[in-house]
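Colleague: Please read through the structure below; I'll follow up with questions.
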Amino acid sequence: MASSQKLKGKWALGIQPRHFTWILRDRLAVCERLGGYGDAHRRVRRQEEIIWTKVNGFDRCFSLIPNNANLHNYDEEDLAWVHRPFRGPEDGPVFLSTLYSDLRLLTTQGFRVIMHREEVGDHVSGLIAGYLVWSGMVTHHPEAIMTVEQLLSKPMG
């Protein structure tokens, strides 16, 4: 039995991941790595954030972390995941096209996707801005950048 099934009361709802933001309402959201990253990473927090993710109907956790951190924890809590290690622009257009195709496939098939990297920084912001242009939701690059900056409430560097 997954540990989230044993919890009662307010703990059964988990806690919202840090910097959680909807990109496409009820379809695609981004956040900081579940449980935090670096010295701020906490096992209990990770478990509570995985519980929150499941309780809130997310079907997939889309991990962009370059290594396989947390993936076995997702398995333990029965949270389906996709791992696409993203280093940044050096991954190139073929990688981004595949990543964007995966996102579009999941979100258009009704899946609720939560996507994370260690932090919601410029790599995630740029990736999301690129996705908005690639998918045709936004036609101009400056508009995509402004949209992502507004959604995430932070300027891109």
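Colleague: By what distance, in whole Å, do the Cα atoms of the chain stretch along each of the three principal axes, largest value first?
Modeller: Sorted from largest, the Cα extents of the chain read 48, 35, 27 Å.
Colleague: Also, I was wondering about something else. Rounded to the nearest 10 Å², what accessible area does His140 have for a 1.4 Å probe in the complete protein model?
Modeller: So the heavy atoms of His140 present about 110 Å² to solvent.
Colleague: Next up: If you take every DSSP beta bridge fully contained in the chain, what fraction is antiparallel? Give it as a percent rounded to 5.
Modeller: Counting only bridges with both partners in the chain, antiparallel ones make up about 20 percent.
Colleague: Please identify, among Glu49, Glu77, Glu32, the residue showing maximal mean-square fluctuation in a Gaussian network model of the chain using a 10 angstrom Cα cutoff.
Modeller: For the chain, modelled as a Gaussian network with Cα springs under 10 Å, the answer is Glu77.
Colleague: In the chain, what percent of the accessible surface is made up of carbon and sulfur (1.4 Å probe, ligands and nucleic acids excluded)?
Modeller: Whole-percent figure for carbon plus sulfur exposure: 53.
Colleague: Between 0 and 90 degrees, rounded to the nearest ten: what's the tilt of helix 141-152 against the longest Cα principal axis of the chain?
Modeller: 20
Colleague: Which shape class, rounded, prolate or oblate, goes with the range 64-106 when its Cα gyration tensor gives a ≥ b ≥ c as root eigenvalues, a/c under 1.5 marks rounded, and past that a/b bigger than b/c marks prolate?
Modeller: Note, shape of the range 64-106 comes out oblate.
Colleague: Any idea which of Gln47, Ser153, Tyr74 is furthest toward the positive side of the dipole for the chain, if Lys and Arg beta-carbons carry +1 and Asp and Glu beta-carbons -1?
Modeller: So the residue we want is Gln47.
Colleague: A further question on this structure: Kindly provide the trypsin sites (Lys or Arg not before Pro) of the range 79-157 that DSSP labels as loop, not H, G, I, E or B, and whose Cβ sees at most 13 other Cβ atoms within 10 Å.
Modeller: Values: sites: Arg87, Arg104, Arg112, Arg117; in loops: Arg87, Arg112.
For trypsin sites (Lys or Arg not before Pro) across the range 79-157 that sit outside H, G, I, E and B with at most 13 neighbouring Cβ atoms in 10 Å, the list reads Arg87.
Colleague: For the chain, give the magnitude of the charge dipole about the Cα centre (Cβ charges: +1 Lys/Arg, -1 Asp/Glu; no others), in debye to the nearest 20.
Modeller: Rounded to the nearest 20 debye, it is 520 debye.
Colleague: Keeping all protein chains in place, calculate the accessible area per residue for the chain (probe 1.4 angstrom), answer in Å².
Modeller: For the chain, the per-residue accessible area is 52 Å².
The values are calculated or read from the model by the stated rules, or taken from the named source; none is laboratory data. All figures in this text were calculated on a predicted structure; none of them were measured in a lab. Quick reminder, even Gly has a Cβ in these numbers, built from the backbone with ideal geometry, and neighbours come from all protein chains shown. Just the protein is used for accessible areas: all its heavy atoms, side chains included, with ligands, DNA and RNA removed. Shrake-Rupley method; radii C 1.70, N 1.55, O 1.52, S 1.80 Å.
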